[in-house]
Amino acid sequence: MKMKKALALILSMALLSSCLTACDKSAPKENSTKKAPAYSLNEEYSLDSMVTVKGETVSLEEEAEAYTTDKEKGYAFRVPQSWHEIDGLNPVDVDEYSIEIDYIPVAGMNKYYEAMDDEGNVDDAIIAEVLGMSVPMLGIYRYDDEAADKDKLNSSFEAFKEMFANVEELGSVENSTFYFLYNDKIDRTDMDEQDNEWLDSIIADYNAVRDSLCLFPPITPKEEFKADLSSFTCEDLDGNAIDETFFSNYDVTMINCWTTWCGYCIEEMPEIGRLKDILPDNYNVVTICFDADTQGDLAKELLEQAGARNVTTFVVNDILEEIVGSQLIGFPTTFFVDKNGHVIGSLEIGAPTSDGSLAEAYLELIKKAASEIE
């Protein structure tokens, strides 16, 4: 979804503390769930041809500028053109099941702008106060019938529904049931003329947003990850030539992707070094530094400080950028390959644990990947 620059700054904070957006005084305590007329759903995601819930065919590739898509949640919807002009519209990615779109009143946005310093920074306390003024407008929820923790899911779903007066069931595909939720009666006691105009505009577009929805089975990051290191060349940090035969002596090689500017990457690097020391001989770990082509000396220094110079580090080049870099959505990302360079096992975005036993957690993932090899 396109947003104005200042609002995007607020959104980054909202993602860290979505509960603040659920504290509006006008949020209803009860709602009515109704089953909608038969809607169309898609059996799988397609960039070329999707069907909206109203049965209209859409090319998400051709309409990329108009649609916002979340493959992991299983939906795409068209953003009304009028919404681009609304200053306080704030989409919040609540969790892996839901998104809500809130409205921050003019008074809140003014408070935010007034608190902004010359570099565009705003104190966290002000951001929290502004987000606390948010009004939930609409939401989309995917209920996963196969969720591992059903109690947690049910609690999340009930809490989400409590924010909205209207809950509409759209239908099910595979193990997912989709809901469209919205508030059409808003407490406007403290709203000014501009607030009322924008609120009317948002509410008037509810049906258009719902009818533009394309629903499909969610796609996990691993399903999207198409890296293949069965044929490549590069150099390591010491200038040694590397190709796909590097993996041939190991049943499984773990590949950790990082950059010198990624704080989380650097934070976990000592554990990557420790992992190398505890690995059985048939397993290996390497890293790919995605800015080592320009920051090679800094990469060496960081690895030295982390006690991880025992880990071979590939320097990104055009080949690795195309094969691996184009598949990444963030750092650190870790994946696993067999002795032929084919991806196996899980895809880890971020660290697999936060309890300090990172090396052991990665070792367990390596063993799990090895179990896939016939």
TODO: Would you calculate the separation in nanometres between label points at residue 200 and residue 113, each defined as 7 Å from the Cα along the Cα-to-beta-carbon direction?
DONE: 2.2
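Of all alpha-carbon pairs in segment 222-370, indicate the percentage at a distance above 21 angstrom. Could you put the intermediate results ahead of the total?
On the way: 3965 of 11026 pairs.
So the pairs more than 21 Å apart make up 36 percent of the total in segment 222-370.
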Open item on the list: Can you give me the angle between helix 150-161 and the longest principal axis of the chain, using Cα atoms only, in degrees from 0 to 90, rounded to the nearest 10?
Closed with: 40
Task: Most mobile of 164, 178, 247 in a GNM of the chain (Cα contacts under 10 Å) - done: 247
Task: Hz values of 3J(HN,Hα) by residue in segment 84-101 - Karplus curve (6.51, -1.76, 1.60), Gly and Pro given as x - done: 5, 9, 8, 5, x, 7, 10, x, 10, 7, 5, 7, 6, 10, 9, 9, 10, 10
Task: Which listed pairs, of 73/226; 226/339; 111/185; 152/368; 73/111, have C-alpha distances above 22 Å, in listed order - done: 111/185; 152/368; 73/111
TODO: Please report, in debye to the nearest 20, how large the charge dipole of the chain is about its Cα centre when each Lys and Arg carries +1 at its beta carbon and each Asp and Glu carries -1 there.
DONE: 820
- [ ] Working from Cα positions, state the angle (0 to 90°, nearest 10) between the long axis of helix 263-278 and the longest principal axis of the chain.
- [x] 40
Task: Cross-link reach list, aspartates and glutamates versus residue 300, counting only Cα pairs under 19 Å and skipping chain neighbours closer than eight places - done: 235, 236, 238, 267, 268, 271, 277, 291
TODO: May I ask for the net charge around residue 322, where only other residues with Cβ less than 12 Å from the Cβ of residue 322 are counted and Lys, Arg are +1 while Asp, Glu are -1?
DONE: -2
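Provide the gained length on full extension for the span residue 155 to residue 64, in nm with one decimal, where the gain is 0.36 nm per separating residue minus the Cα-Cα distance. Mind showing how you got there, number by number?
On the way: separation 91, 0.36 × 91 = 32.76 nm, distance 3.39 nm.
Extra length available between residue 155 and residue 64 comes to 29.4 nm.
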Open item on the list: Output the 0 to 90 degree angle, nearest 10, between the alpha-carbon long axis of helix 5-14 and the longest principal axis computed from the alpha carbons of the chain.
Closed with: 80
TODO: Starting from 0 in steps of 20 Å, tell me what percent of the Cα-Cα pairs of the chain lands in each bin.
DONE: 25, 48, 27, 1
- [ ] Can you tell me the relative contact order of the chain? Whole percent, Cα pairs under 8 Å, sequence separation 6 or more.
- [x] 16
Open item on the list: Looking only at the chain, where both bridge partners belong to it, what percent of the DSSP beta bridges are antiparallel (to the nearest 5)?
Closed with: 75
- [ ] Rank by packing, highest mean first: peptides 59-68, 114-123, with packing defined as the count of other Cβ atoms within 10 Å averaged across residues.
- [x] 59-68, 114-123
Task: Amide H partners (placed H, <5 Å) of residue 51, local residues excluded - done: 58
TODO: Could you work out how far the C-alpha centroid of segment 201-220 sits from that of segment 132-156, in angstrom?
DONE: 16
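Please compute the length gained on full extension between residue 48 and residue 172, using 0.36 nm multiplied by the number of residues separating them and subtracting their Cα-Cα distance. Mind showing how you got there, number by number?
Working: separation 124, 0.36 × 124 = 44.64 nm, distance 2.19 nm.
This chain segment gains 42.5 nm when fully extended.
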TODO: Using a cut-off of under 15 Å, list every residue of segment 299-335 whose amide N is near the label point 7 Å from the Cα of residue 277 along the Cα-to-beta-carbon line.
DONE: 304-311
- [ ] For residue 184 and residue 321, calculate 0.36 nm times their separation in residues minus their Cα-Cα distance, and state this gained length in nm to one decimal.
- [x] 44.6 nm
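We did not get these values from a lab; they are worked out from the coordinates using the rules stated. Fair warning: this is a prediction, and the values are worked out from it, not measured in the lab. Here the Cβ is made from the backbone with ideal geometry for all residues, glycine too, and neighbour counts use every protein chain on show.
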